[in-house]
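Below: the structure, in structure tokens.
The values are calculated or read from the model by the stated rules, or taken from the named source; none is laboratory data. Just so you know, these numbers come straight off a predicted model, no measurement behind them. Backbone-built Cβ (ideal geometry, glycine too); neighbour counts: all protein chains shown. Calculation scope for accessible area: heavy atoms of the full protein, side chains included, ligands and nucleic acids excluded. Shrake-Rupley method; radii C 1.70, N 1.55, O 1.52, S 1.80 Å.
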Amino acid sequence: MSTVYDKYESVIGLEVHAQMKTNTKAFCRCSTNFHSSPNSNVCPVCLGYPGTLPVLNEELVDYTIRMGLATNCSIREVSIFSRKNYFYPDLTKGYQITQFDTPICYDGSLDIQLKDGSKKRIGITRIHMEEDAGKSLHDFSDNDTLIDFNRCGVPLIEIVSEPDIRSSEEAYLYLSKIRQRLVYLGINDGNLEEGSMRCDANISVRLKGSDEFGTRTEVKNLNSFKNVSDAIEAEIKRQIDIIEEGESVIYQTMTFNAKDKKTTATRSK
């Protein structure tokens, strides 16, 4: 039986953050061991002390190129890092070292196989290198937030897809393929629960047959395949309900509550 939701189609792009399986951080020689005591794997470089200079981990570059080749990307001969400035307690420098207009890998693709046996190609806009931020801890005190800086400077790649995904099922299949390649190449352990892989989903809806994109929202930090699928379904429904009520979707960042299976706004864009 047809419903109001059948009038619409979703437009989805995924940003996958994958921690590289290096022994040391992206720009210093501190360990990347996940199970170390809080604030034991830090130094003046990853803590952002004035006057310190980062030195790039060559293994990070090697691993990133491996993933680029495995996803049919072009590899840039000259790749430049940028500073992404924002204020957050677990970002000691006040900026993140990342790549902006010159990502090391670009214009790639990955094929997924749908349930009916057909194949669909998902474009990959870019894969770039960056460093992780620290971790805020909220479960030790009702009144205080503690910070563990061990994760500062841990090497990441961000894999950004084109908005070619049309359903939560396709998103699940694409994410599974990305994880499969990361693990096969030996550059990531595929552990979503420990944060070795995290996913942000950019989601919008439009009437079927329309060529124009709707206003998108970004659901951040999804840490399981099920959460990615459930969050996409919840956000699609939320956006369609808003449009059917005669209102407009707002461009904003969302979070997903796995218990309630609902997305809620955290900040405007």
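Go through the residues of segment 218-233 one by one and say whether even a single one is in a loop (DSSP other than H, G, I, E, B), more than 18 Å from His17 (Cβ to Cβ) and under 22 Å from the mean Cα position of the chain (by Cα). So that I can check it myself, show each step before the final result.
Initial filter on segment 218-233 (in a loop (DSSP other than H, G, I, E, B)): 223-224.
Now narrow it down to the ones that are more than 18 Å from His17 (Cβ to Cβ): none.
No, segment 218-233 contains no residue that is in a loop (DSSP other than H, G, I, E, B), more than 18 Å from His17 (Cβ to Cβ) and under 22 Å from the mean Cα position of the chain (by Cα).
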field: Top-ranked residue in segment 181-200 [being in contact with a Gly (Cβ under 8 Å, 6 or more places away or on another chain) and not in a loop (DSSP other than H, G, I, E, B); ranked as nearest to Ser109 (Cα to Cα)]
entry: Leu182
field: Odd one out for Asp241 among (1) more than 21 Å from Arg126 (Cα to Cα); (2) within 20 Å of the chain's Cα centre (by Cα)
entry: (2)
- prompt: Is there any pair with a first residue in segment 84-101 that is open to solvent by 100 Å² or more (accessible area, probe 1.4 Å) and a second that is of a type outside the set (Ser, Thr, Tyr) whose Cβ atoms are under 6 Å apart and which are 6 or more apart or on different chains, and what are they?
  reply: Lys84/Gln96
query: Can you name the number of the only condition in (1) under 30 Å from Ile232 (Cβ atoms); (2) part of a strand (DSSP E or B) that Pro163 fails?
result: (2)
message: Checking the structure you have, find out if any residue of segment 46-61 is in contact with a Gly (Cβ under 7 Å, 6 or more places away or on another chain), surrounded by 14 or more Cβ atoms within 10 Å (Cβ to Cβ) and hydroxyl-bearing (Ser, Thr, Tyr).
response: no
- line: Of the residues in segment 108-150, those that are touching a helix residue (DSSP H, G or I) at 6+ places or on another chain (Cβ under 9 Å), among the small types (Gly, Ala, Ser) and surrounded by fewer than 12 Cβ atoms within 10 Å (Cβ to Cβ) number 0
query: Could you say whether any residue in segment 8-24 is open to solvent by 40 Å² or more (accessible area, probe 1.4 Å), part of a loop (DSSP other than H, G, I, E, B) and more than 30 Å from Ile122 (Cβ to Cβ)?
result: yes
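Could you pull out every one of the strands (runs of 3 or more DSSP E) wholly within segment 110-157 that has 2 or more residues that are at pLDDT 95 or above and within 30 Å of Pro54 (Cβ to Cβ)?
Details: elements: 119-131, 135-137, 146-148.
Hits in segment 110-157: 119-131.
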statement: Checked against (1) in a helix (DSSP H, G or I); (2) in contact (Cβ under 8 Å) with a residue 40 or more places away in the chain; (3) touching a strand residue (DSSP E or B) at 6+ places or on another chain (Cβ under 9 Å), Glu169 satisfies every condition except (3)
